[in-house]
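One structure follows; several queries about it will come next.
Nothing in this text is a laboratory measurement; each read-out follows from the coordinates by a stated rule. Remember, predicted model here, so these are calculated numbers, not experimental data. When we count neighbours, we look across all protein chains shown, and the Cβ atoms used for this are built from the backbone with ideal geometry, even at glycine.
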Amino acid sequence: HLHSDLGSRFPLEAAQDLDIGSNTVQAYSISPENEYFSVAYRSRSEDDKYIELVLEKPLDREEQSEMSFSVIAVDGGSPPRTGTTEVKIVILDVNDNPPIFTQERYFGKVLENMPEGSVVLTVLARDQDAGVYGEISYQLSHALGQSDSAFVIDPITGEIKTTKPLDFEAAQSHELRVSATDGGGLSAICKVLVEVVDVNDNAPEVVVSSFSSPLPENTAPGTVVALFTVRDRDSGANGKISCGLEDQLFFSLRPAYKNYYELVTVSALDREETARYILRVTAADAGSPPLTSTQTFTVDISDVNDNAPVFNQTSYTMYVRENNVPTVFVGAVSAADADVGLNGKVSYSLAAVQAAEGPWCSCVSVNSENGHVFVLRPLDYERLRQTEVTVSASDAGSPPLRANVSVRLVVLDENDNAPLVLYPGQDSSPASSELVPVSAEAGYLITKVVAVDADSGQNSWLSYHLLRASEPGLFTVGVHSGEVRLRRPVTERDSVRQKLLVLVRDNGKPPLSATAAVSALLLKDLSDERLPGHSSPAPEDQAGSLTTYLIIALVCVSLLFLVSTALFVARKVCKRKELKAGHVLYGADNLQSGLADGAAAGSLPRAYCYEISLTTGSGNSEFKFLKPILPSVPPQHCGNGFSRENLYFQCHNQFPSYSMSE
């Protein structure tokens, strides 16, 4: 039995388990789960353990007076065993609800000739509490200025009765205040207005002969609704009766014959505008004071199907995440029909799409009763971004009226596609190795990991991270570019073959990832015979392989040195022989023709001699431009005028160290 505040705790006996250790009781839970209570497991000592029910949400007895659930104890064995106990909660009442009158103001009429003790009216107050808190007593208080009252109220039933004859001329109405108090002291007050009706011996009477209700809203003007007669037992002026109708906008009174009157329509009716007309016909005599009586005609207007359903939106856009469960609810369309009954009963359906508008979409369904829209099968954002269907709302009238609305279903992307590594290839074939010169500086671009993601938005934003490497400090990976670069220069301690594992991760929640394996060979010369794709030696053979490679490299370097030395010596010998033979391009025999041709072509303003020699220590050809031999001599005299001595003279000026024989 609960009557507590938020956070209150209620201890319960803990479950007993003969097992020990992890096989004893480990946890408690509530089934079915509810929002009001949770279970807490506590222990005062190793042998003194107990559980408590914790009140998580305030209780309201007026909403739910009691509840029951099961507390389940689970041990830590394999398989786990459980024990269950039933808990029944009875919510006790507190006085948190005051009495409430059914009306804020009560109106009553009493004839002035009513006998003493007549019931004028009955007031009623209700209290949602139970027990004594829900027991109500009524008290009557006098209005301001009234010393005594002609009324009394029953404290239990709330009936208001007269205590003495009333005088219409003394007081035409009485205003009373009634208070209702429950057993807890909470109270409420209402006003009661009692009107005293003047009494005559015979009031006019209205006798209805026929009355038609309801009327169809398409009733033509001039239709007779009611036929009645009026009479008064009095005679003379007190028996002369006149009738009148309060509202004459849609209806009017038309005299028939003698004391008969007809109630007829005068204009078109619209049920959607006014569904019910309350017509009051008043009959009054000519007495002094005149006596009157009122006849009320309640005319209901019946519906005809003259209104089509109207959607509350001109179009709908609904969203569903891809990979949805089948028959998932994505939204609802709603249409209202101003008609009633079958004419206003709206049913929904998918309108058939014309062939020119597009194929029929079989993935969307609409509930015919409530307009709920469901997606029948899982959708894939990468195949279908959005689709559009037409929903039709039709009433049940005869003939039925309908309206259509467009519903656009937008598929939202989920992070269901992991990144796909395009380069380097991750197939079953051996991965290729990237060649890296050992002389490469920090920042040297080794390769670039290229990946794509089939998702969109932030689910396709890729980042690259170095997951694992033979030398983690040697490499760095661009977070956004995927470029694999050297972080520092290569040292002799670095292994020749390096392996890296690059993690490619998208920005989804949760993120998906893929890995790319990259292999790199650190080579002194990119023409090294070790080709990409050769398998890496096993870790236990690396020391022996390295020794073998070093021996082979030493032999190759020695052979290369010997060959280079031999070539160098042979080259020096050949060069010396060429110098002794006087290797001159333009000698005395052909100098004349060369100079003549050059002068004739106009390319040389003066006659020059050219020498080509290969100097020691370099492999480049050098052109030596000699001074003009005979600046004032015409070109035709340049051939025979040259002798061996003249050539020596000119060459000696350019190369003083050369001898005549050279």
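Calculate the spin-label point distance for residue 171 paired with residue 546, positioning each point 7 Å from the Cα along the beta-carbon direction, and give it in nanometres.
If labels sit at residue 546 and residue 171, their model points lie 11.9 nm apart.
So how do 215-222, 202-209, 332-339 stack up, highest first, on mean other-Cβ count within 10 Å? Before the final figure, lay out each step's value.
Working: 215-222: 13.9, 202-209: 16.2, 332-339: 19.0.
Per-residue Cβ counts within 10 Å, averaged per peptide and sorted highest first, yield 332-339, 202-209, 215-222.
When a/c is below 1.5 the answer is rounded, else prolate if a/b is larger than b/c, else oblate, so apply that to region 372-458 with a ≥ b ≥ c taken from the square roots of the Cα gyration tensor eigenvalues.
Here region 372-458 falls in the prolate category.
Across all directions of projection, what mean area in square nanometres is found for the Cα convex hull of region 248-392? Don't skip to the answer; put the middle values down first.
Numbers: hull surface 58.4 nm².
Average of the hull's projected areas for region 248-392 equals 14.6 nm².
In addition: With a ≥ b ≥ c the root eigenvalues of the C-alpha gyration tensor of region 282-346, is it rounded (a/c under 1.5), prolate (a/b larger than b/c) or oblate?
prolate
I've got another one for you. Using 0.36 nm times the number of residues separating residue 422 and residue 66, minus their current alpha carbon distance, what extension gain do you get?
On the way: separation 356, 0.36 × 356 = 128.16 nm, distance 6.41 nm.
Length gained between residue 422 and residue 66: 121.7 nm.
Sticking with this one: How compact and how long is region 64-221, expressed as Rg and Dmax of its alpha-carbon atoms in Å?
Answer for region 64-221, Rg first and Dmax second: 27.7, 96 Å.
I've got another one for you. Rounded to the nearest Å, what's the spacing between the alpha carbon centres of region 35-98 and region 209-276? Just the number, please.
Between the Cα centre of region 35-98 and that of region 209-276, the gap is 68 Å.
Then there is this: Can you pull a Stokes-Einstein diffusion coefficient for region 151-266 at 20 °C (1.002 mPa s), Rh from Kirkwood over Cα pairs, as a whole number of µm²/s? Walk me through the numbers on the way to the answer.
Values: Rh = 18.9 Å.
Translational D for this selection: 113 µm²/s.
First obtain the Kirkwood hydrodynamic radius of region 1-134 from its Cα pairs, then insert it into the Stokes-Einstein equation at 37 °C and 0.692 mPa s, and state the resulting D in µm² per second as a whole number.
Answer from the Stokes-Einstein relation: 172 µm²/s.
Report the gain in length on full extension from residue 576 to residue 57: 0.36 nm times residue separation, minus Cα-Cα distance, nm rounded to one decimal.
Full extension from residue 576 to residue 57 adds 175.8 nm.
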